[in-house]
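These notes concern the structure reproduced below.
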Amino acid sequence: MNSLEFCDRYLPDYWAERDLQLLIQKRLQRWWFLAAPHEVVVKTPASMRRIDISTWLTVYEVKKWLTRDNIFHAVAQTELYTFYSPKLFWIFPKRRVVVGLAPTDPSEYEQATRVARDFRRMNIEVIFLNEAGLAFEVPEIGSALLIAGIIILVAAIAAYFFTKFL
């Protein structure tokens, strides 16, 4: 689906970046027990910054149009956010995701997809919502299952040693 069709289908006539952010939050709230998306204010030495959407595992930066320049700007913002925001288990930085609509101009679209491909190689996910749809992958689901499995394994090993040596 192209960007204009996506806008007609999911967004109001006069929409802003905030409308797109709320649409993504609603999508993530379907998994509220895992994602719990919300806005977060992060304090940096220079100023206070607002993360568009933050979950326990991921920082989402929402841009209205993902042009080449907007992608660079969003990636820089996520770098700041992950540096200053709390980490998972105080060790692991949060995953970085940039979300928005693909540009309608063909040359801008080509530039944006090339830049997005480069950032994906660096483990920074760039999602063109009109292409991925609202069913884009939510990393918290797989991670929650992995963490639950590790906890169960540790508990089983502890229970085994507890019963064997006592």
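The values are calculated or read from the model by the stated rules, or taken from the named source; none is laboratory data. From a predicted model like this one, the values you see are computed outputs, not experimental measurements. So basically every Cβ, Gly included, is an ideal-geometry build from the backbone, and we count neighbours across all protein chains shown. To get the accessible areas, we keep the full protein, side chains included, count just its heavy atoms, and leave off ligands, DNA and RNA. Shrake-Rupley method; radii C 1.70, N 1.55, O 1.52, S 1.80 Å.
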Do we find that Asp69 is part of a helix (DSSP H, G or I), modelled with pLDDT of 80 or more and open to solvent by 10 Å² or more (accessible area, probe 1.4 Å) in this structure? yes
Go through the stretch 76-104 and give me each residue that's surrounded by fewer than 18 Cβ atoms within 10 Å (Cβ to Cβ) and either touching a helix residue (DSSP H, G or I) at 6+ places or on another chain (Cβ under 8 Å) or of a type in the set (Phe, Trp, Tyr) (or both). Phe83, Tyr84, Phe89, Trp90, Phe92, Pro93, Thr104
Flag if Phe162 is within 18 Å of the chain's Cα centre (by Cα) and either among the charged types (D, E, K, R) or in a helix (DSSP H, G or I) (or both): no
Just for the stretch 86-115: of the residues that are in contact (Cβ under 8 Å) with a residue 12 or more places away in the chain and within 14 Å of the chain's Cα centre (by Cα), which one is farthest from Lys64 (Cα to Cα)? Lys94
By residue number, the members of the stretch 72-113 that are farther than 30 Å from Leu146 by Cα, outside any helix (DSSP H, G or I) and among the β-branched types (Val, Ile, Thr) are Thr104
Hey, any hits in the stretch 129-150 for a residue that's modelled with pLDDT under 85, within 24 Å of Thr78 (Cβ to Cβ) and among the hydroxyl-bearing types (Ser, Thr, Tyr)? yes
In this structure, does Lys63 turn out to be closer than 30 Å to Pro45 by Cβ and open to solvent by 60 Å² or more (accessible area, probe 1.4 Å)? no
All but one of (1) outside any helix (DSSP H, G or I); (2) open to solvent by 70 Å² or more (accessible area, probe 1.4 Å); (3) over 23 Å from Arg50 (Cβ atoms) hold for Arg120, so report the exception by its number. (1)
Of the conditions (1) modelled with pLDDT of 80 or more; (2) in contact with a Phe, Trp or Tyr (Cβ under 8 Å, 6 or more places away or on another chain), Thr82 satisfies every one except a single condition; which number is it? (2)
